[in-house]
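J.: Before anything else, here's the structure in question.
The values are calculated or read from the model by the stated rules, or taken from the named source; none is laboratory data. Predicted model only: the values in this text are computed from it and were never measured. For neighbour counting, all protein chains shown are included, and Cβ atoms are generated from backbone atoms with ideal geometry for every residue, glycine included. Side chains included, ligands, DNA and RNA excluded: accessible areas come from the protein's heavy atoms. Shrake-Rupley method; radii C 1.70, N 1.55, O 1.52, S 1.80 Å.
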Amino acid sequence: MADSEQVRKQRPKQDEETTEESAETTEEVDTSDVDDLLDEIDDVLEENAEEFVKNYVQKGGQ
Amino acid sequence: MATHKYLGTETEYGISVVGRPDFNPVLASSLVVNAYAADGRHRARWDYEEENPLRDARGFTQPGAHEPPEDDVGLANTILTNGARFYVDHAHPEYSSPECSNPYDAVVWDKAGERILERAAAKAAQSIPDGDRTQAGRIVVSKNNTDGKGAAYGMHENYIVDRGLPFGELTRQLIPFFVSRQILVGSGRIGNEFELAVPYQISQRADFFEVEVGLETTLKRPIINTRDEPHADPERFRRLHVILGDANMSEICTYVKLGSTSLVLSMIEDGVLPSAPQLAKPVQALQQVSHDLSCTRTIPLTDDSQVTAVELQWHFLEHARKYTEEGHAPDWAPDLLAQWEHLLTGVEEDPLSLDGLIDWVSKYHLLQRYVDRDGLDWNDAKLKLIDYQYHDVRQDKGLYNRLVAGGRAKRLVTEEEVGHAIHSPPPDTRAYFRGRCLEKYRDQVAAAGWDSIIFDIGGESLQRVPMMDPGRGGREMTGDLIDRCSTAEELLANLQR
């Protein structure tokens with residue numbers, strides 16, 4: 001079909017290199033400073049956990 | 001040559017009105033959907049003509065096929081200028097993304113859905129009776145799939161596949177793929193549906209599946225759904241409706257989920273994927289894999305041997321790599337393969353090393369840190385709250401969004417791309433024509449659906465423009481025409497030429 005020409009187009013070499021670099025950079029996620037993180041999360045959590053959780057009732061869907 | 005894998009996602013969002021446990025969720029969902037579109041102007045209605053969710057891909061139609069196509073006809077139902085459908089389905093607000101031509105775009109328009117829900121919920125809260133807009137009456141919308149109390153709701157993926165491909169072949173290949181891919185793309189949840197000693201598991205959805213193949217979506221959920229409703233030329237296309245996945249906050253998860261599935265489908269169509277190892281008990285395996293955070297548990301095959309989910313994923317990944325190296329795959333495949341391999345290698349070495357990349361891992365770390373700091377039990381309400389709020393769509397309160405803001409979770413796409421996608425359609429599918437017509441000729445669009453637009457230009461009858469090929473109607477084909485025509489009359493006159 002007409003669309004299939006697009007499917008087979010090859011990625012230029014340069015892009016492949018960039019691609020590999022970008023995949024490698026996925027390592028660089030800052031997961032340090034755990035205390036700071038929890039303090040920050042504490043600030044945004046819903047105030048009444050018990051009540052929120054009790055009231056969080058969904059109807060089944062698909 | 002495989003059919004171009006046009007694809008999209010549809011997500012039923014969780015909805016809760018803070019401080020109002022009795023507030024009707026259908027009404028709340030309607031308020032959300034209507035609030036987004038409300039400006040007092042004419043609105044096109046949704047065109048149901050081609051919808052038939054009871055038609056089965058195995059070649060028959062379920063009795064009772066003359067029921068209304070949706071059980072909520074008449075509820076809020078809108079079409080957006082980005083080509084998406086935004087409506088109420090089964091007591092949830094649902095965003096069905098526009099058709100996209102590649103997995104990256106599908107991630108962008110999926111994320112745009114979160115932003116749309118965020119804006120819509122904030123606007124709708126103002127219409128809750130007696131709401132004070134901060135606490136009571138505030139509407140919380142979550143991109144998750146279970147309330148942890150027995151209810152599940154879906155995130156479905158849709159892929160265009162060749163009608164000529166026997167459905168049985170799809171089923172044989174996809175079951176082992178779907179059972180194993182959750183280790184890379186699960187969203188994680190506290191608890192389980194079986195009173196097992198499983199305090200936390202990989203997938204939100206796994207426990208809710210009961211059969212291997214079937215038409216149902218709300219009960220007796222099947223790993224492979226057979227709904228045969230192509231929303232396109234039924235002679236050429238099938239729309240594979242995948243119902244077992246989790247809704248992801250992580251863009252990398254969404255990308256790998258959609259891209260790897262697209263590649264597997266293309267290989268099946270091209271007849272180059274050797275028969276995958278067949279699972280002895282797929283439904284049980286789906287749940288066992290989800291319950292094992294180490295991702296090392298073996299599951300039985302029909303030939304009495306054993307395999308891990310990681311090994312199954314390598315099977316598919318290795319063949320996808322070969323397919324790509326041989327030049328058969330789309331141009332996005334090398335990038336997708338790099339991300340897929342990165343996640344799979346990480347899960348094989350140590351799943352917990354993928355903090356900030358995979359939803360179930362990021363959420364697990366967050367919960368574990370609370371357990372460690374506060375000495376909480378895994379049943380503690382605070383942990384359940386964190387499980388829910390990870391998926392909250394608000395950028396200032398949602399916990400996934402806070403991880404992103406703090407540089408602790410990695411994005412794939414840019415907020416600029418997402419901002420554009422909130423209002424604009426993908427450029428290279430029929431969604432472009434739908435979205436642009438909605439934007440430019442809104443008062444003259446009587447109705448629209450996935451595969452048609454119906455114009456009312458004041459004549460004796462309405463004029464229906466069919467769009468039976470998801471790949472036709474993009475900017476290249478219709479952009480100039482729409483730019484040139486200031487009215488729908490002009491547009492239709494030009495289309496007929």
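J.: Report the rotationally averaged projected area of the protein assembly as shown based on its alpha-carbon convex hull, in square nanometres. Before the final figure, lay out each step's value.
T.: On the way: hull surface 101.6 nm².
Its average projected convex-hull area is 25.4 nm².
J.: For B:Glu311 and B:Leu27, what does the FRET efficiency come to when R0 = 45 Å and r is the distance between their Cβ atoms, rounded to the nearest 0.05?
T.: On the way: r = 48 Å, r/R0 = 1.07.
It comes to 0.40.
J.: Just want the answer: with Cβ charges of +1 for Lys and Arg and -1 for Asp and Glu, which residue in B:Ser127, B:Gln496, B:Val371 is farthest toward the dipole's positive end in chain B?
T.: Of the options given, the answer is B:Ser127.
J.: Charges only on Cβ, +1 for Lys and Arg, -1 for Asp and Glu: so what's the dipole of chain B about the Cα centre, in debye to the nearest 20?
T.: Values: 53 positive and 77 negative charges, 189 e Å.
The calculated dipole for chain B is roughly 900 debye.
J.: If one takes the accessible area of chain B alone plus chain A alone and subtracts that of the pair, with a 1.4 Å probe, what total in Å², rounded to the nearest 100, results?
T.: About 5300 Å² of accessible surface is lost on pairing.
J.: What would the Debye formula give as log10 I(q)/I(0) at q = 0.13, 0.19 Å⁻¹ for the alpha-carbon point model of the range B:389-497, no solvent?
T.: With one equal scatterer per Cα and no solvent, log10 I(q)/I(0) is -0.61, -0.91.
J.: If you don't mind, there's one more thing I want to ask. If one computes the Cα centroid of the range B:440-496 and of the range B:328-383, what distance in Å separates the two points?
T.: 44 Å
J.: Here is a further query. Which FRET efficiency value, to the nearest 0.05, is calculated for B:Arg484 and B:His42 with the Förster distance at 25 angstrom and r the Cβ-Cβ distance? Can you show the working numbers first?
T.: Working: r = 23 Å, r/R0 = 0.93.
Calculated transfer efficiency: 0.60.
J.: Output the residues of the range B:82-99 meeting this criterion: accessible area (heavy atoms, 1.4 Å probe) in the chain alone minus accessible area with all protein chains in place is 50 Å² or greater.
T.: Residues of the range B:82-99 that lose at least 50 Å² of accessible area once the other chains are added: none.
J.: How large, in percent, is the carbon and sulfur part of the accessible surface of the protein assembly as shown at a probe radius of 1.4 Å?
T.: Values: 10090 of 21620 Å².
Using a 1.4 Å probe with all protein chains present, the protein assembly as shown comes out at 47 percent carbon and sulfur.
J.: With every protein chain present, what is the per residue accessible area of chain B (1.4 Å probe, Å²)?
T.: Numbers: 17530 Å² over 497 residues.
For chain B, the per-residue accessible area is 35 Å².
J.: Enumerate the whole-percent occupancy of each 10 Å bin, from 0 to the last occupied one, for all C-alpha pair distances of the range B:334-451.
T.: It works out to 11, 28, 26, 21, 12, 3, 0, in whole percents.
J.: Let me confirm one metric for peptide A:34-44, namely the mean number of other chain beta-carbon atoms within 10 Å of its residues' beta-carbons.
T.: Numbers: counts 6, 2, 1, 7, 6, 0, 6, 10, 4, 2, 9.
Going residue by residue through A:34-44 and averaging, the value is 5.
J.: If Rh is defined by the Kirkwood formula over all Cα pairs and Rg also comes from Cα, what ratio Rg/Rh do you get for chain B? Could you put the intermediate results ahead of the total?
T.: On the way: Rg = 22.2 Å, Rh = 23.2 Å.
Ratio value, two decimals: 0.96.
J.: Any chance you could check the range B:380-412 for residues losing 20 Å² or more of accessible area when the partner protein chains are in, compared with the chain on its own (1.4 Å probe)?
T.: Listed in order, they are B:Ala381, B:Lys382, B:Leu385, B:Tyr388, B:Gln389, B:Lys397, B:Leu399, B:Arg402, B:Gly407, B:Arg408, B:Lys410.
J.: Here is a further query. Hey, with R₀ at 35 Å, roughly what FRET efficiency would B:Arg297 and B:Glu235 work out to, going by the Cβ-Cβ distance, to 0.05? Can you show the working numbers first?
T.: Working: r = 44 Å, r/R0 = 1.25.
Taking R0 as 35 Å, the efficiency between B:Arg297 and B:Glu235 is 0.20.
J.: Now for a different question. Going by a 1.4 Å probe on protein heavy atoms, which residues of the range B:154-185 end up with at least 50 Å² less accessible surface in the whole assembly than in their chain alone?
T.: none
J.: Excluding the sites themselves, what is the longest stretch of chain B that contains no GluC sites (Glu not before Pro) in a DSSP loop with at most 15 other C-beta atoms within 10 Å? Show your work: numbers first, answer last.
T.: Numbers: sites that count: B:Glu49, B:Glu195, B:Glu235, B:Glu326, B:Glu460.
Of all site-free stretches, the longest is B:50-194.
J.: For a 19 Å ceiling on Cα separation, which of these pairs sit above it: B:Lys111/B:Lys382; B:Lys111/B:Lys410; B:Lys149/B:Lys410; A:Lys54/B:Lys384; B:Lys5/B:Lys257; B:Lys123/B:Lys384? Provide the component values of the computation, followed by the final result.
T.: Details: B:Lys111/B:Lys382 27 Å; B:Lys111/B:Lys410 14 Å; B:Lys149/B:Lys410 30 Å; A:Lys54/B:Lys384 10 Å; B:Lys5/B:Lys257 14 Å; B:Lys123/B:Lys384 27 Å.
Result: B:Lys111/B:Lys382; B:Lys149/B:Lys410; B:Lys123/B:Lys384 exceed 19 Å.
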